[in-house]
Structure formats: structure tokens, C-alpha cells
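Scroll down for the structure; my scribbles are underneath it.
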Amino acid sequence: MKALPSARRIHPLPAEIITKRSNHATEKGVKPLPITVIYGSDGKDMVRQALAHRRWELALDPHRTYGIKPNLVLARPSHSGATTDPSVVEGIITFLKDHGCHKIKIMESSWLGDSTTRAFRICGYEVLAQRYQVELIDLKKDRTVTAEQGGLQLEICRSALDVDCLINVPVLKAHCQTRLTCALKNLKGCIPDREKRRYHSLGLHRPIAALNKALPQHLVVVDGIIGDLTFEEGGTPVHMHRVIVGTDPVAVDSYCASLLGLGPEDVPYITMAAELGVGNTYCEVEELNEGRQSLFAPSQTADALKLHFTEAEACSACVGSLMHALYRLKEQGKRPPNSIFIGQGFKGKEGRGLGIGNCARGFTSSVPGCPPTAKAIIDALESAIENR
């Protein structure tokens with residue numbers, strides 16, 4: 001590990017962000033939890049330096065089991081901007097092992113329609129697990145426990161609940177439905193596929209907030225090295241060159257939202273989680289070295305593409321396929337057909353137009369699949385364009 005840098009400065013969030021957030025924090029009388037930011041491109045080294053600076057070793061116990069939850073939403077390598085860089089997780093594993101902690105498990109459940117086992121392989125986690133003798137757990141195959149929180153009955157994968165310390169390792173990304181996906185939303189990979197569908201039918205924000213109350217996380221390490229500010233599933237990567245570490249997922253997400261020019265109120269599950277007592281939206285930020293402080297503007301592409309279809313309780317994987325298909329049409333200079341429908345809200349309904357996915361099969365034409373591929377959607381869109 002390279003020499004540990006001294007902290008350059010401690011500062012709160014930008015003044016305009018504090019103004020929006022401070023009332024909640026001061027009314028509760030809660031001392032802000034510091035967030036550590038380190039800049040660079042070597043994920044392993046940055047993580048180790050940040051954890052050493054925070055003296056994380058003082059909280060470790062060799063008798064405990066540690067679960068690491070990366071974001072492997074689909075089988076694409078981290079340079080696509082979609083998934084957690086394995087070097088970031090490697091930094092956590094080596095830090096744990098250096099301090100006598102060897103009971104380590106990496107756990108994940110990829111999104112609907114994708115294979116977690118394949119994601120482990122493509123994203124470099126099979127090799128990582130073999131190198132450090134770490135167990136890989138496919139949560140799609142896990143047993144579940146039912147918990148009640150926030151007025152909701154929630155199914156949660158047992159393995160995530162059984163570890164003594166859950167370490168959340170999300171990627172900082174934009175999301176076409178929630179605007180941001182980071183620490184709080186990353187726990188959605190700790191629920192079975194049937195629950196993922198139900199979360200979309202409930203509007204995502206409320207169940208995500210409740211899940212974070214029911215499933216405690218003990219450390220958040222955000223991979224902000226490469227993300228995607230257009231699509232959750234990657235493809236338009238943005239180099240941000242940073243790792244962000246904290247213990248309060250609400251504060252971490254509030255800070256990460258501010259990097260995209262968003263406040264907590266722009267991402268409802270953040271404020272909902274704060275109201276449930278998961279954490280606080282106010283925080284102080286500690287930077288360990290010099291780096292670019294600029295905000296990252298989310299791409300407007302996703303918002304523009306969403307104008308071409310009607311969505312009702314659609315799952316992220318299905319919307320992602322449609323968005324990529326529409327993006328390809330846009331690149332070709334083609335105008336999409338009118339009346340495109342997608343989502344569970346169209347089950348059993350009929351009408352004129354193009355239905356995307358099995359849930360919208362009742363329209364005059366439809367693209368089957370759960371989710372359908374972007375290629376199948378492109379073919380259907382081009383056929384509709386030719387026939388209009």
C-alpha cells in the first residue's frame with residue numbers, strides 16, 4: 001500500500017445543498033457522519049488508504065463474518081460504467097485479511113433476465129474469489145426471510161441478513177427511473193426476483209427505503225472510478241476517478257446526488273429512508289488528496305428517450321432494453337413510432353400500439369420476453385416505422 005496521505009481538508013456539502021438539508025439534520029440534533037473521498041484510478045490502493053485513514057481496523061473482529069455486496073446488475077465489465085470494479089472489492093478483501101478477518105463472502109443477484117453466475121465470471125469476480133479464497137453467493141438461489149418495515153412486508157435474502165457486517169459497494173450511476181442509483185438502491189440486489197418485480201409495482205422509492213431499514217449495512221464504499229450518467233446498465237461510461245467511503249448510506253447517497261447536481265428531494269427514496277431513521281441527509285466531506293471537484297451533469301438523453309413511450313410499473317431491465325433500442329434508433333436518425341407501452345401496469349390490457357415485454361402483450365403488436373432483448377425491440381420498432 002502506498003504511503004497514506006494526510007487529509008487535505010474537511011468541508012461540508014456545497015452551501016446550496018446544505019440549505020436544503022440542514023433543517024432535517026438540526027431538528028433531529030444528529031451529529032453529521034463524515035464521508036471520506038479519495039481521488040485516483042487504482043481502486044485497490046484508494047480503498048485501502050481510505051479505510052486506513054478511517055481506522056476501520058478498530059471495528060474489525062476476526063470472529064465475524066463479512067458480506068460484500070457489489071453492483072453486478074448484469075454481465076458487463078466495470079469499464080462499461082455498469083458494474084463495481086473488482087479492484088475496489090479487492091481493496092476491502094485485502095484490508096480485512098491483513099487484520100485477521102478471513103470469513104468473507106461476496107454476494108449479489110443480477111437484475112431480471114440476467115445470470116449472476118455469468119456476471120461473476122464476466123466482471124472478474126470468479127478470479128478474485130479464487131485468488132483470495134472468498135465465497136461467491138448467488139442470491140437468486142438463496143432462501144428468503146420476510147420482514148415488516150415501513151408498512152410493507154419485505155422478502156430479503158437470508159445470506160445478506162446472516163452476515164455480521166454487510167459492506168455495500170455500489171457504483172455511482174444515473175438511473176432512468178430513480179435518477180440516481182448508489183448505496184440505498186444497491187441493496188435491491190439482496191431480494192429475490194419476484195420482489196424486484198413487486199418493487200416496481202410499488203413505485204420503487206418506498207420499498208427501497210423500507211428495505212434499507214430492514215437490512216442494516218455497516219460500511220459503504222462507492223466505486224466512483226467509472227460510472228454511467230445515462231444508463232444503469234452502462235455503455236456510456238464517465239470517468240470520475242474517486243472512491244467514497246462512509247457508514248451512513250443516506251448521507252453517502254445525498255453527497256453522491258449532489259455530485260450529479262441533485263438534492264435528496266430529487267431522489268425520493270433518500271428522504272424516505274431518512275424519515276425511517278436509516279440515516280441523515282446532511283454530512284461533512286473529508287478529502288484525502290487533491291482531485292477534480294466539478295459536478296457531473298446527468299445526461300439528458302434518458303429523459304428525452306422516455307418521452308417516446310408510456311410506462312406503468314415497468315422493471316428496470318425491460319426499460320433498459322427499450323432505452324437502448326431507442327438510443328440506437330436516435331443514432332440512426334430514425335423517429336420512433338407513436339404509442340409504445342411497457343410495464344406490469346398493462347397486464348391484461350388491450351389497445352392499439354406496440355407493447356414491450358410479456359406484460360404488454362395485449363397490444364396490436366408486441367415484443368415478447370421478460371425482459372426482451374434490445375435487438376428484438378429494435379427489429380419491432382423498425383418494422384413499425386416501415387409500416388406507418
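The values are calculated or read from the model by the stated rules, or taken from the named source; none is laboratory data. All figures in this text were calculated on a predicted structure; none of them were measured in a lab. Glycine also receives a Cβ, built like all others from the backbone with ideal geometry; neighbour counts cover every protein chain displayed.
Based on this model, can you work out whether LEU74 counts as in the same structural domain as VAL163 (by TED's automatic domain parsing), within 20 Å of the chain's Cα centre (by Cα) and either buried (at least 23 other Cβ atoms within 10 Å of the Cβ) or without any contact (Cβ under 8 Å) to a residue 12 or more places away in the chain (or both)?
It is true that LEU74 is in the same structural domain as VAL163 (by TED's automatic domain parsing), within 20 Å of the chain's Cα centre (by Cα) and either buried (at least 23 other Cβ atoms within 10 Å of the Cβ) or without any contact (Cβ under 8 Å) to a residue 12 or more places away in the chain (or both).
Residue-by-condition table, conditions (1) touching a residue at least 60 places away in the same chain (Cβ under 8 Å); (2) in a helix (DSSP H, G or I); (3) buried (at least 21 other Cβ atoms within 10 Å of the Cβ); (4) out of contact with any Ser or Thr (no Cβ under 8 Å at 6 or more places or on another chain):
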position	(1), (2), (3), (4)
ALA314	yes, no, yes, yes
LYS334	no, no, no, yes
LEU354	no, no, yes, no
PRO371	yes, no, yes, no
GLU386	no, yes, no, yes
Test for VAL243: is it buried (at least 16 other Cβ atoms within 10 Å of the Cβ), more than 30 Å from GLY355 (Cα to Cα) and at pLDDT 90 or above = yes
Please go through the stretch 109-119 and pick out each residue that is touching a helix residue (DSSP H, G or I) at 6+ places or on another chain (Cβ under 7 Å) and part of a helix (DSSP H, G or I).
-> THR116
If you go through the stretch 164-176 one residue at a time, do you hit one that is more than 17 Å from ILE270 (Cα to Cα), free of Cβ contacts under 8 Å to residues at least 24 places away in the same chain, surrounded by fewer than 21 Cβ atoms within 10 Å (Cβ to Cβ) and not small (Gly, Ala, Ser)?
-> no
Taking the stretch 138-162 only, how many residues are touching a residue at least 40 places away in the same chain (Cβ under 8 Å) and closer than 22 Å to ASP223 by Cα?
-> 2
Hey, can you tell me all the residues within the stretch 139-160 that are part of a strand (DSSP E or B) and of a type outside the set (A, V, I, L, M, F, W, C)?
-> THR144, THR146, GLU148, GLN149, GLN153, GLU155
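Any residue at all in the stretch 75-89 that is farther than 30 Å from TYR255 by Cβ and of a type in the set (D, E, K, R)? Explain how you work it out, then say what you get.
Taking the stretch 75-89 first, the residues farther than 30 Å from TYR255 by Cβ are none.
No; the residues of the stretch 75-89 include none that is farther than 30 Å from TYR255 by Cβ and of a type in the set (D, E, K, R).
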